[in-house]
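**Q** Pasting a structure here, questions to come.
We did not get these values from a lab; they are worked out from the coordinates using the rules stated. Since the structure is predicted, the reported quantities are computational estimates derived from the model, not experimental observations. Neighbour counts are summed over all protein chains in view; Cβ atoms, including those assigned to glycine, are modelled from backbone coordinates with ideal geometry.
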Amino acid sequence: MRIDTKQEDHFFFDSGRQGKLFLALLIIFFAFFGVIAEAFKREIHEELIWLYLAFPKVDEWFFSGILQIPNSENWINFGIIPVLILFFTCFILTYKEDIYLYGFKHAIWFVPFIISCSFFWYFYINNWRPSADASWNAISPFILLFGSWQGWVNILILFAINLAGAFTGWQVKELVRIYIKKEESFLGKTLENEEKKEVEKLRV
């Protein structure tokens, strides 16, 4: 569905695209940060800024606590659950786009959004509704993110996950397009041959 609100400035609003983007933002805010919140409860500090450090505990919580898989606590948890949430969010968003560059653009802009959300939850836990051992300094999340190597690794990992999801979505859509074109070509030739046979029968 598209709403064309063209005026003198030729403004165009695509409600379908904006709706998908808004849904993706909700998934990141509630699903991605939701699993982290469930895994840590309120016992989380710098992991909210260095998000990649929180990923393994999410796996431990999910496989041991939710699925209750025997001996899963002995696994080497890489943090696959939060990675999959981000990956498939960018994958589906890019796959559904007619112009794949929009998907890449969204994937890139998701990183500042994720960082903003992590700042919000860091403020919430340490200042708004602080836990017992919380300490808050307004500049501390900026120092943790931009003043440490862990912060820059975190940013690079987020970009890598999102762009990998967007790239995979684009490639899968291209493969689907190629397959559909081949099927259409095959069906066209089949119908053409059948028409020729029908014409030959009528002549006989």
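**Q** Spelling out what I want: for every residue of region 47-52, take phi, set θ = phi - 60°, compute 6.51 cos²θ - 1.76 cosθ + 1.60 (Karplus), and round to whole Hz; glycine and proline get x.
**A** Along region 47-52, the couplings run 5, 6, 9, 8, 4, 4 Hz.
**Q** Shifting gears a bit: Once you place label points 7 Å from the Cα toward the Cβ at I99 and S185, how far apart are they in nm?
**A** Distance between the two pseudo-spin positions: 2.8 nm.
**Q** Next question. Step through the table entries K41/K173; K41/K96; K105/K181, compare each Cα-Cα distance with 31 Å, and write down the pairs that go over it.
**A** Details: K41/K173 38 Å; K41/K96 34 Å; K105/K181 27 Å.
With Cα atoms farther than 31 Å apart: K41/K173; K41/K96.
**Q** Whole-Hz Karplus ³J(HN,Hα) for region 158-173, in order, using 6.51 cos²θ - 1.76 cosθ + 1.60 and θ = phi - 60°, x for Gly and Pro?
**A** Residue by residue, region 158-173 yields 4, 4, 5, 5, 5, 5, 5, x, 5, 5, 5, x, 5, 5, 5, 5 Hz.
**Q** In whole Hz and in residue order, list the ³J(HN,Hα) couplings for region 88-103 that follow from phi through the Karplus curve 6.51 cos²θ - 1.76 cosθ + 1.60, θ = phi - 60°; x for Gly and Pro.
**A** 6, 4, 6, 4, 5, 5, 6, 4, 7, 7, 6, 10, 5, 4, 4, x
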